[in-house]
Amino acid sequence: MKKITLFFLIIFSHILFSQKVTETEKLATTCKVWGFLKYYHPKVAAGEFNWDQQLIDILPKVEKAQTRKEFSLVISNWIDTLGEVPLIAPIAEPKDVKFFDKNFDLSWINTSALFSRNLSAKLKFIEENRFQSNTEFNPDFDAFKTVKNYFDLDYNNKSNRLLMTFAYWNAIEYFFPYKYIMDQKWDITLNEILPAMVEAKNSDEFNKALRKMSTKLNDSHVMFHIYPDATTVKSPVYFPATGKIIDEKLVITEILGDSLAEADNIKIGTVITKINNKTIKELIEEKRDVVSASNEVSYQNRIIASLLKSESENVKVEFLTNGKYETKAMKWFNYHDSHRNEFKKGAQKKKDKFKLLENNIGYVNMGEIKPKNIPDMIENLKSTKAIVFDMRNYPKGTFKEISDFLNPEEKKFCDYTYPSLNYPGRFVFEEGRKAGFANKDHYKGKVIVLLNEDSISQSEWTAMCFQTAGNTTIIGSQTAGTDGNNFEFDFRGFHTAFTGIGVYYPDGRETQRIGIVPDIEVKPTIKGIQEGRDEVLEKALSFIEKGELKTQDSQKQQATIKNLENLKN
C-alpha cells in the first residue's frame, strides 16, 4: 500500500511540476529570487556582479520557460553561474541583540510551487551562509544599493520597468520596518501590480502604476512625485484657499490668495460640497490609489492639496451657505508658492514663537520656536501655572532643550528598530532616545500638548518625549501615525520616500498608523471654524482651569484607544 501511495505521489508531483506557469507567477518569483540574492548571496551582496544587468539578461530566459520545471531550471542554473557559496554556517547571532521578526518571512523558499527541491535547497544554503556586513545595522543604509543606477533607466522599455519594480519591491520587503501592519500583504501587491508594469505603454503609465504600488505601504512618509515633462504638461492652477475635511465637506481654514478669494466671496469657514459635480465623499474615494497614508485622518488631510488643484482654469464649485447650495463657475489661477505673494494684500502676519496668555498660562508655537529661542521662552514662562505646547505643526528640533526644562529626571521615551544588514528582513531593537536630566529646577506647572492630523513624524516623536515629564496631557485628535526617519529617493521621472526605522514606546507600544493617542479628544467643528474659534485650544484652557478629566473625556479616550488598536487586527 505504501509503495502504491508513493507511486501516485511521484506521478502527481511530476504532473504538477509539468504544468504551465503564468507570466505573473514567473515574474513575481523571479523578483523574490533576484532580491534575495541581491542581499544574501555573498558575491552578489559584495558587489562582484552588475546585478541589475544580471536581471536584464535572465528575463528573456524566464519568459521562454513554459512549465514550472523549466522555470525552476532557469533559476537554478542562474544561481550556479554566480559561483560557489563558501560554507560558514552556523552563523552565531550577536550577543545582547534583540531581534524584531514581525516583518521576516523567507518561507517562500521552501513552499514555492515553482521550485524544485534542489532549488529550494540551494536558496536555503545561501540563507544559512549569507553575506555578512561589517556592521549589524546602519540607519543610513542604501537599500537600493547605488541609487545612481536608476537615473538612466528608460521606462518605455519593459525590462527596465521590471528592474525598477523589482528594486522597489525588494527594498520594502527587506528594509521597511512597518511592513507587518500594511492593510494588504506585500506579496499580493506584487502580484497585482506586475500586469500593469508589463503592459505599460510608456513611462507615464509605469510611473502611475508604481505610485499606486507605493500607496500600499500605508505610510504617510511615502510621497510619490512624478516629474512632468515641462514641454507637454500645463502648469496647474489652484483654489485661493485651503482647509480641512469635516463631515465629508471641505471647510476653508486659511486664505492663500486674498484678492482672489475676495473676488469669489471665499472666507474662513466657507463650506465646499462639490468640485466639478463630484461630492467631497466621491473625491475622497477617488484618490485612494494615488495617495499613501498611515491612517484615515492623515489620508483625508493629504488629499486636500490635490482636491484644490486643477489642470483646467475653469472649475465648478458647489458651496453650502446658510443651508442653501450654490454652484459657482470659478476661474482658478497659478498663484501657488512663488506666485502666491502677488495676490496677498499685505505681508503675512508674523506668528508668535511663544507668549503669555491670560490667567498666567504660557503658549508655545512648536512650528515657529527654534532652539536659540528656548532660553527666552523658559525665562518668560517658567513661573506660569501651565504651558500649552501647540504641536499641530512640525517642530524645529527643540525637543532636547524643552524636555530638559520639563523633566525632573532622565527618562527614556522611545526605542527603535533598525534593519539588520547581516540578516535582511529581520530588524534589531536598539535603545532609543532619552529626555531630561536630574533637574530640581524643572518646570512645576501643567504641560499641555495640542495635536491633530497635521502632527506627523517629528511632531509625534516630540510628543512622546514630552510625555515623560509626568504632568503632561495630550489634547486634540488622532495624529498622522508616521514615526521614524524619512528615507527619500530620487529616480528618473519620479521622487519617492518611506519610513526607514521603527519607533516604539519603551513598553513596546506602536505609534505607526496609530499615532499619539490624546488624553482628551477634541476635533474642530464647522460651526467653530466659522465663528473663528480654536476649539482645541479652548478645551486645553478649560482643562487647565478645571483640573481633572471629566468622566465622558476618560470614556472617549478609552474608546479612541480601542478603535485605533483595531487597525492592527
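The values are calculated or read from the model by the stated rules, or taken from the named source; none is laboratory data. Since this is a predicted model, take the numbers as computed values, not measurements. When we count neighbours, we look across all protein chains shown, and the Cβ atoms used for this are built from the backbone with ideal geometry, even at glycine. Accessible surface areas use protein heavy atoms only, side chains included; no ligands, DNA or RNA. Shrake-Rupley method; radii C 1.70, N 1.55, O 1.52, S 1.80 Å.
Need a quick list: strands (runs of 3 or more DSSP E) entirely within the stretch 407-479 having at least 1 residues that are of a type in the set (G, A, S) and under 25 Å from G362 (Cα atoms).
Fully inside the stretch 407-479 and qualifying: 472-476.
Collect the residues in the stretch 322-335 that are assigned to a loop (DSSP other than H, G, I, E, B) and either open to solvent by 10 Å² or more (accessible area, probe 1.4 Å) or β-branched (V, I, T) (or both), keeping them in residue-number order. I'd like the intermediate steps shown before the answer.
Let us first name the residues in the stretch 322-335 that are assigned to a loop (DSSP other than H, G, I, E, B), namely 322-323, 332, 334-335.
Listed by number, the residues that qualify are N322, G323, N334.
Tell me, yes or no, whether the stretch 89-98 has at least one residue that is in contact (Cβ under 8 Å) with a residue 12 or more places away in the chain, part of a strand (DSSP E or B) and either over 23 Å from F49 (Cα atoms) or open to solvent by 80 Å² or more (accessible area, probe 1.4 Å) (or both).
The answer is yes; a qualifying residue exists.
Being over 30 Å from T525 (Cα atoms), open to solvent by 70 Å² or more (accessible area, probe 1.4 Å) and in a loop (DSSP other than H, G, I, E, B), is that true of even one residue in the stretch 202-214?
Checked the stretch 202-214: no residue is over 30 Å from T525 (Cα atoms), open to solvent by 70 Å² or more (accessible area, probe 1.4 Å) and in a loop (DSSP other than H, G, I, E, B).
Which of the residues belonging to the stretch 111-134 are farther than 19 Å from P424 by Cα and either in a loop (DSSP other than H, G, I, E, B) or touching a Gly at 6+ places or on another chain (Cβ under 9 Å) (or both)?
Listed by number, the residues that qualify are S112, A113, L114, F115, S116.
For the stretch 487-534, enumerate the residues that are open to solvent by less than 20 Å² (accessible area, probe 1.4 Å), polar (S, T, N, Q) and either out of contact with any His (no Cβ under 7 Å at 6 or more places or on another chain) or part of a loop (DSSP other than H, G, I, E, B) (or both).
T496, T511, Q512 - these are the residues of the stretch 487-534 that are open to solvent by less than 20 Å² (accessible area, probe 1.4 Å), polar (S, T, N, Q) and either out of contact with any His (no Cβ under 7 Å at 6 or more places or on another chain) or part of a loop (DSSP other than H, G, I, E, B) (or both).
Which count do you get for residues in the stretch 170-199 that are among the hydrophobic types (A, V, I, L, M, F, W, C) and more than 21 Å from the chain's Cα centre (by Cα)?
The qualifying residues number 4.
All but one of (1) of a type outside the set (S, T, N, Q); (2) at pLDDT 95 or above; (3) out of contact with any helix residue (DSSP H, G or I) (no Cβ under 6 Å at 6 or more places or on another chain) hold for M223; state the number of the condition that does not hold.
(2)
Would you check if there is a residue in the stretch 352-373 being open to solvent by less than 40 Å² (accessible area, probe 1.4 Å), closer than 19 Å to Q467 by Cα and in a helix (DSSP H, G or I)?
no
Here is a check on your reading of the model: is V237 closer than 29 Å to K26 by Cβ and aliphatic (A, V, I, L, M)?
It is false that V237 is closer than 29 Å to K26 by Cβ and aliphatic (A, V, I, L, M).
Does T560 qualify as being surrounded by fewer than 20 Cβ atoms within 10 Å (Cβ to Cβ), farther than 29 Å from Y168 by Cα and either modelled with pLDDT of 95 or more or over 23 Å from the mean Cα position of the chain (by Cα) (or both)?
No.
In contact (Cβ under 8 Å) with a residue 12 or more places away in the chain and open to solvent by 80 Å² or more (accessible area, probe 1.4 Å), is that true of N110?
Criteria met by N110.
Could we say that A167 is within 28 Å of the chain's Cα centre (by Cα), of a type in the set (A, V, I, L, M, F, W, C) and not in a helix (DSSP H, G or I) here?
So A167 does not fit the description; no.
Pull out all pairs, ordered by first then second residue, where Cβ-Cβ is under 6 Å, the residues are six or more apart or on different chains, the first lies in the stretch 434-449 and is more than 14 Å from I378 (Cα to Cα), and the second is part of a loop (DSSP other than H, G, I, E, B) and open to solvent by less than 40 Å² (accessible area, probe 1.4 Å).
Going by the 6 Å Cβ cut-off, the qualifying pairs are A435/N407; A435/F413; G436/N407; V449/M391.
Are there any pairs, at least 6 apart or on different chains, whose C-beta atoms fall under 9 Å, with the first in the stretch 366-383 and farther than 12 Å from E401 by Cα and the second open to solvent by less than 60 Å² (accessible area, probe 1.4 Å) and in a helix (DSSP H, G or I), and if so, which?
Filtered contacts from the stretch 366-383: M366/I402; M366/S459; M366/T462; G367/S459; K382/F405.
Looking at (1) open to solvent by less than 60 Å² (accessible area, probe 1.4 Å); (2) assigned to a loop (DSSP other than H, G, I, E, B); (3) of a type in the set (D, E), which one does D52 not meet, given that it meets all the others?
Every listed condition holds for D52 apart from (2).
Among what's in the stretch 139-161 and is open to solvent by 60 Å² or more (accessible area, probe 1.4 Å) and closer than 17 Å to A45 by Cβ, pick the residue that is modelled with the highest pLDDT.
N149
Answer yes or no as to whether L549 is at pLDDT below 95, outside any helix (DSSP H, G or I) and either surrounded by fewer than 12 Cβ atoms within 10 Å (Cβ to Cβ) or of a type in the set (A, V, I, L, M, F, W, C) (or both).
Judged against the criteria, L549 is a match.
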